Each structure stands twice: as structure tokens, then as C-alpha cells.
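What follows draws every value from the coordinates through simple rules; no lab data is involved. All values derive from a computational prediction rather than experimental measurement. So basically every Cβ, Gly included, is an ideal-geometry build from the backbone, and we count neighbours across all protein chains shown.
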Amino acid sequence: MRALLGLLILAAGMGTASARTIGEKAVENHIRPAYQRLATAMADLSTATNAYCAGGGDRAALDAAFKQAVLGWSGVEHLRFGPMLADNRFERFMFWPDPKSLGRKQLNAALAQKDQTVLSPATLGEKSVALQGLTAFEALMWSGDAEGVTASTPEDQAFACQFAKSIAAHLTRVAAAVRDEWAVNDGFAANLTAPGPEKLYHNDKEVTLELFKAFTTGLQQTRNAKLNRVLMGNPQEARPRRAAFWRSGNAVASIEANIEAIEDLYRNAGLGEIVKQAGTGEERSTLDQFDLIEKALDGLTGTPIADVTASKPSWEKLNSVVFGLINIQVTGGQAIVTGAALPMSFNALDGD
């Protein structure tokens, strides 16, 4: 993915990039490509699930397709504005964290009742968001654990497979709709690319603020929800089953994809240019932290999160990522706030 990032950076520096606004850079270089990757990954997951459930596809192909879907989702998870927020689409994609295990309870109930309405993408979309997303798909297809769903008999497993097909098909439609809504130049994207008095964002400063919120939200969500609540201060108290996508072995890969997406936003949407204007020290420090995080995660992404947290050296590597994210927010974030004259208190996780 770093190779792809390098190509995007090169492309961002070519042509008329210097003449584009920060909103245009964000839409063209970051947002549209990210949603295209998500839509493609979801369509591939639907195809792989159909083949697997029909007996014509192998498990390895399904596992690989699900990983790409997780990576695609993790690449847009920080973008908590625009079409993804309409009609609870964000929660439809991922109902998590779920501290009360509502999703597992609802999945078990649907399996026990053989609820036929979950087998149709159309009627599934009218039900609880806890039954519709990637976390529900994972629980159905990786259910052989104490905290998974109950699908022990062949009949239950067949029903679970059909349920998973419905989820994949439903999310494929949602992802395609979001991609298409971003692709229209006079749709939501126009709020970012051509702000004005009649638009959601009145000027480029408000656009910058929205992108900065995505940047800081991504940093905080990854640090607090994806890492701190799992690492818990030391290996002995770690809670790996709190991690997103731990069942399928994609927890660390999801975290890495979250951070790569934040870095892509920083480098290609104009935020990094604001930091650069603050001085070479702030710019170098921010980029160095991204590099240190990459090195810390190197070799961990294919390891189950329980194995990572059980080993003190690998736990320490993952814990160092927490401090790297803090340093990025302190150094790069403060430089953006100062350089763009932004208010300090905006965070999408706070609902501002």
C-alpha cells in the first residue's frame, strides 16, 4: 500500500495541483479513490461469498475477499461526513464497538428463528444495523468461538451462509451508492470543491476544518477504540477480543489501513502543505512519526491480535503506535490549527 501511496503523492504533485483548492485535492486525490476501492472490494466480497456458499469457491478466496473489504472500509472510516452518514450508512457498514454484544444477540435470534427477512438484501436493509455490516458478516462466517454466533448444525451453517450473502450484497449496493454520490460534481462533492454562502461549507476555511476533523477523528478513533481499549496498559491485562475484526485475523491489518488512510489524507489533500508552511521541523517530525508507525507495524499485520498482545515485544510495538499517533496529532495537528487559524475543539466523534 505504501507503493500506491507514493504513486498518489507523485500524481498529486503533477499538472495543475498547485492551482487546486484544498477541497478539490481532497475529493480528487483521497475521497473518490477511497470510496472506489471500497465499492470494488465489496463487489468482490459478494462474488466470493456467492461462490463459497454455492460450493464453487474455496475458503481461502473468501478470506482474501473479506480482508480486502476490511481494508477498503478502514480506508474510509475516518471520513465521517457526506453521503456515508445519510440513512445511517456508516453504522450499517460497521456496528462497532458493541460492548453489550447486541449484534451477537440479534444474530443468534435471527439464526434460531430462521428469519427469512435477513436473506433478502432489500428486507435486511430495513432491520437493525447490527445485522447488516462487516462485523455481522464476520461473526457469521467465523463463528467457531465462544463469543461468536451459534451455527453448529449443517442447517444453521447453511442459513448463516445465505445470511452472509445477503449482507455482502446489501453492502455492495450501499458502497456503490456512496461512491456514485461522491462522483457527481454537483452533488455533495461541490460543497468541498466550490464552497459558498448557499453550500454546507461557506469557504475554504470551513472545508479545511472538515478535513481536519477527519484527520483528528481518524487519529483518535484508531488510538482510543482500536488500540487503547485492547492494549489496556500492559500485556497481562490486554483484551484482544475487544479489537475490531479479531475473529478473522484482520485486526492489525485494519489498524494499519486506518493509519495509511490518515497519512494519505495528510499528504494528498493539502493538510500536509499547511504543516510545511509552519516550518521544516513540524513537517519532518510529523512524517517521521508516520514512518516510525509503519516500522512498528511491519511484520504484525498477518498475526492474530491475541498473539500480538500475548507477546511483550509485539505488544510494545503496537503500544508505540499509540504514542506515534499522539505525536502526529500534537505536532501536525497543532501546525494545521495554527496555520489555517482553526478552532481547537472540533471532533467528529463529539458530534460537533
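Quick notes on this one:
- The angle separating the long axis of helix 59-74 from the principal Cα axis of greatest extent in the chain is about 30 degrees.
- Nearest-ten-degree value, helix 2-12 long axis tilted from longest Cα axis of the chain: 40 degrees
- Over the stretch 80-121: Kirkwood hydrodynamic radius from C-alpha pairwise inverse distances, Å: 12.1 Å
- Farthest toward the positive end of the dipole of the stretch 28-183, out of Ser128, Tyr52, Phe163, is the Cα of Ser128, where the dipole comes from beta carbon charges about the Cα centre.
- Projecting the Cα atoms of Phe81, Leu119, Ala176 onto the charge dipole of the stretch 28-183 (Cβ charges, centred on the Cα centre) puts Phe81 farthest toward the positive pole.
- Volume per residue of the C-alpha convex hull in the stretch 208-344, rounded to whole Å³: 94 Å³
- Exposure proxy shown here: for Val321, Val337, the number of other Cβ atoms within 10 Å sets the order, fewest to most, as Val337, Val321.
- Glu198 versus Ser311: modelled label distance in nm, points set 7 Å from Cα along the beta carbon direction: 6.0 nm
- Taking the number of Cβ atoms within 10 Å of each Cβ as an exposure proxy, the fewest-first ranking of Lys25, Lys105 is Lys105, Lys25.
- Helix-derived mean residue ellipticity, 222 nm - over the chain, DSSP H n ≥ 4, -39500 (n - 2.57), to 500: -18500 deg cm²/dmol
- Computed over the stretch 158-256, Kirkwood Rh from alpha-carbon pairs, angstrom: 17.1 Å
- The lysine pair count for the stretch 190-346, using Cα distances under 17 Å and pairs eight or more places apart or on different chains, is 4.
- Dipole orientation for the stretch 14-172: of the candidates Val27, Leu140, Ala41, Val27 has the Cα lying most toward the positive pole (charges on Cβ; Lys, Arg +1; Asp, Glu -1).
- Per the Kirkwood formula applied to alpha carbons, the chain shows a radius of gyration over Rh ratio, Rg over Rh, of 0.98.
- Folded to 0 to 90 degrees: helix 32-53 orientation relative to the chain principal axis, Cα: 10 degrees
- Counting only residues at least eight positions apart within a chain, or on another chain, the aspartates and glutamates with an alpha carbon under 15 Å from that of Lys114 are Glu155, Asp156.
- Listed peptides 175-184, 192-201 by packing density, highest first (mean Cβ within 10 Å): 175-184, 192-201
- A simple count of charges around Ala136, restricted to other residues whose Cβ falls under 11 Å of its Cβ and scoring Lys, Arg +1 and Asp, Glu -1, yields +1.
- Distant alpha-carbon pairs in the stretch 28-183 (separation over 28 angstrom), percent: 15 percent
- Computed extension length for Ala61-Arg32: 7.8 nm, one decimal, from 0.36 nm per residue of separation with the Cα-Cα distance subtracted.
- Whole-number percent relative contact order across the chain, with pairs defined as alpha carbons under 8 Å at least 6 apart: 21 percent
- Highest-MSF residue in the chain out of Gly270, Gly56, Gly72 [GNM, Cα springs under 10 Å]: Gly56
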